[in-house]
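Below is one structure, written out as structure tokens; comments come after it.
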Amino acid sequence: MNIRFYRVKLMTMEDGTDIIHDGELWVEGKKITYAGSQRDIQGHFPPKWDREIDGKGNLLLPGFKNAHTHSAMTFLRSYADDLPLLDWLNKQVFPMEAKLQGDDIYLLCKLALMEYLTSGITANFDMYFQPRQIARSSADCGFRTVLAGALNDFVSSIEEEEENYVELNHFHPLIRYHLGFHGEYTTGKERLRGIARLAEKYKAPVFSHNSESISEVEQCIQRNGTTPTVYLDSLGIFQYGGGGYHCIHMSQEDLEIFKKRGLWAVTNPGSNVKLASGIAPVQKMMDMGIHLAIGTDGPASNNCLDMFREMFLTTGLGKLREQNAAAVEADHVLWMATVGGAHAMGLWDCDTLTAGKCADLIMIDLHQPNMQPENNLGKNLVYSGSKQNVKMTMVNGNILYENGTFYIGEEPEWIYRKANEIINKCRN
Ligand SMILES: [Zn+2]
């Protein structure tokens with residue numbers, strides 16, 4: 001499809017949150033072919049349009065990138081809450097996950113994808129077992145997913161991780177796969193050495209949960225004499241980059257390793273608040289030049305998959321931690337949620353609204369009271385924006401969500417019914 005957007009404001013994210021007020025954007029097939037001022041359009045030759053969309057002064061910007069999640073955990077939303085982290089994990093989450101079978105994960109991921117679309121998310125960085133089901137779910141819906149290996153001592157093996165890496169990187173154009181493991185505390189030394197060998201073999205980055213709770217860090221020090229980041233680095237895990245999810249309880253040495261290796265710290269403020277895990281040192285990481293992105297974490301620990309809420313919490317918690325209202329400013333948070341996330345996931349062609357890049361973009365309805373007045377649209381998005389402002393979500397040139405309707409090849413009510421059937425089956 002060739003789609004023309006006219007009478008739009010553009011926040012391309014090429015130059016921070018600057019706005020082109022008289023914007024026009026062209027999508028030809030999967031790519032953006034023009035993004036700029038209507039005045040500069042001379043010399044650009046339009047194709048035959050399949051659709052021309054009058055933006056009515058609304059805002060287009062790159063889609064949000066949910067840089068850490070476990071999509072299939074939708075079935076545990078509001079099932080296990082208000083519990084300490086380890087009780088939540090060991091007594092509620094793990095036993096229920098063990099009951100998933102057949103196509104359950106495929107279906108549960110679709111529920112999450114719908115929620116991503118309503119929140120303007122155009123790609124997710126997903127860690128869960130049964131990665132083929134996740135990949136199939138996204139590909140069938142037309143959604144973009146980057147997978148991270150979920151290797152640990154109970155699920156999968158190094159051989160399977162390598163198989164996943166090779167196969168899923170050739171599975172579908174919308175799917176990519178990064179090496180990964182669940183966390184230091186669930187993955188023994190032999191398997192971690194195996195991951196380091198794969199990183200070396202494929203010159204590939206590696207991702208995992210890292211320093212989410214104080215007890216995780218203390219237990220790692222007891223076991224290995226040092227923090228998770230220092231320990232993992234000593235095993236050669238980060239020779240080709242990668243990063244960590246949460247990254248809350250970080251020592252100075254940990255942060256220096258992140259800086260030296262160019263690692264991505266993916267902050268998950270909603271989950272960190274709900275599980276009382278702590279507040280990540282986001283401003284300090286920014287000051288050190290550490291790469292940052294934002295993720296929702298899974299729907300069992302958050303419980304919603306909403307990048308507007310995550311953006312507000314990223315800046316709000318950053319200010320609280322520093323006791324400084326100037327900390328973690330909104331423009332940088334918006335960069336983390338769009339460009340930062342894309343780069344963390346290796347989606348270098350999905351980061352900005354630029355000719356030649358993938359058409360992964362969203363339209364924000366400015367004709368709503370929470371987006372007015374238009375003093376600063378970047379700050380409106382971070383401080384007062386919400387899912388209700390997402391008018392349209394486009395992935396790879398296809399509109400998957402528009403004005404409250406989903407175009408993912410499946411009826412929402414059918415997905416809701418199946419998700420309820422799965423949780424009821426697992427309960428019994
Ligand atoms: Zn997680």
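Computed from backbone phi, the HN-Hα couplings of the range 309-316 come to 5, 5, 5, 5, 5, 4, 6, x Hz, rounded to whole numbers (Karplus: 6.51 cos²θ - 1.76 cosθ + 1.60, θ = phi - 60°; Gly and Pro given as x).
For the chain, the solvent-accessible area of protein heavy atoms averages 39 Å² per residue (probe radius 1.4 Å; ligands and nucleic acids excluded). Here the Karplus relation 6.51 cos²θ - 1.76 cosθ + 1.60, evaluated at θ = phi - 60°, turns the backbone of the range 72-86 into coupling constants of 5, 6, 3, 5, 9, 4, 6, 9, 10, 9, 6, 10, x, 3, 6 Hz, with x for every Gly and Pro. Here Lys418 is the anchor, and the lysines within straight C-alpha reach of less than 22 Å, apart from those fewer than 8 places off in the same chain, are Lys99, Lys110. Relative contact order, whole percent, for the range 279-357 stands at 30, derived from Cα pairs under 8 Å and 6 or more residues apart. Each Cα pair under 8 Å and six or more residues apart adds its separation to the average, and for the range 279-428 the resulting relative contact order is 17 percent. To put it simply, the accessible area of the range 191-250 at a 1.4 Å probe is 49 percent carbon and sulfur.
Normalising the Debye intensity of the range 277-395 to I(0), with uniform scatterers on Cα atoms only, and taking log10 at q = 0.14, 0.16, 0.18, 0.22 Å⁻¹ returns -0.65, -0.86, -1.08, -1.44.
About the centre of its Cα atoms, the chain shows a dipole size close to 220 debye [charges on the beta carbon of Lys, Arg (+1) and Asp, Glu (-1) only; nearest 20 debye].
Taking trypsin sites (Lys or Arg not before Pro) across the range 15-89, the ones in a DSSP loop with at most 11 further Cβ atoms lying within 10 angstrom of their Cβ are Lys48.
The sum of -39500 (n - 2.57) across all DSSP H runs of n ≥ 4, divided by the residue count of the chain, sets its helix-only mean residue ellipticity at 222 nm to -9500 deg cm²/dmol. With contacts taken as Cα pairs under 8 Å and at least 6 residues apart, the range 70-227 reaches a relative contact order of 17 percent.
With semi-axes defined as the square roots of five times the eigenvalues of the C-alpha gyration tensor, the equivalent ellipsoid of the range 44-159 measures 35, 17, 13 Å, largest first. Between Leu86 and Asp365, the contour length at 0.36 nm per residue exceeds the Cα-Cα span by 96.3 nm. Across the range 57-64, rounded Karplus estimates of 3J(HN,Hα) from the backbone phi angles (6.51 cos²θ - 1.76 cosθ + 1.60, θ = phi - 60°) give x, 6, 9, 9, 8, x, x, 6 Hz, Gly and Pro being marked x. In this simple spin-label approximation, Lys387 and Lys201 carry label points 7 Å from Cα along the Cα→Cβ vector, and these lie 4.1 nm apart.
With only the Cα atoms considered, the chain has a convex hull volume of 138 Å³ per residue. Count Lys and Arg as plus one, Asp and Glu as minus one, and take only other residues whose Cβ is under 9 Å from that of Leu147; the net charge is then 0. Note on Tyr407 and Ile19: their simple-model spin labels are 2.7 nm apart, each label 7 Å out from Cα toward Cβ.
On a 0 to 90 degree scale, rounded to 10, what angle separates helix 131-141 from the longest Cα axis of the chain? Once rounded, one gets 10 degrees.
Enumerate lysine pairs in the range 184-298 that are 8 or more residues apart or on different chains, then count those whose Cα atoms are under 20 Å apart. Please report the intermediate quantities before stating the final value.
Values: Lys189/Lys201; Lys203/Lys259; Lys203/Lys260; Lys259/Lys284; Lys260/Lys284.
Pairs that pass both the separation and distance tests number 5.
The values are calculated or read from the model by the stated rules, or taken from the named source; none is laboratory data. Keep in mind it's a predicted model, so treat the numbers as computed, not measured. Neighbour counts run over all protein chains shown; Cβ positions are idealised from the backbone, glycine included. All accessible areas refer to the heavy atoms of the entire protein, side chains included, with ligands and DNA or RNA removed. Shrake-Rupley method; radii C 1.70, N 1.55, O 1.52, S 1.80 Å.
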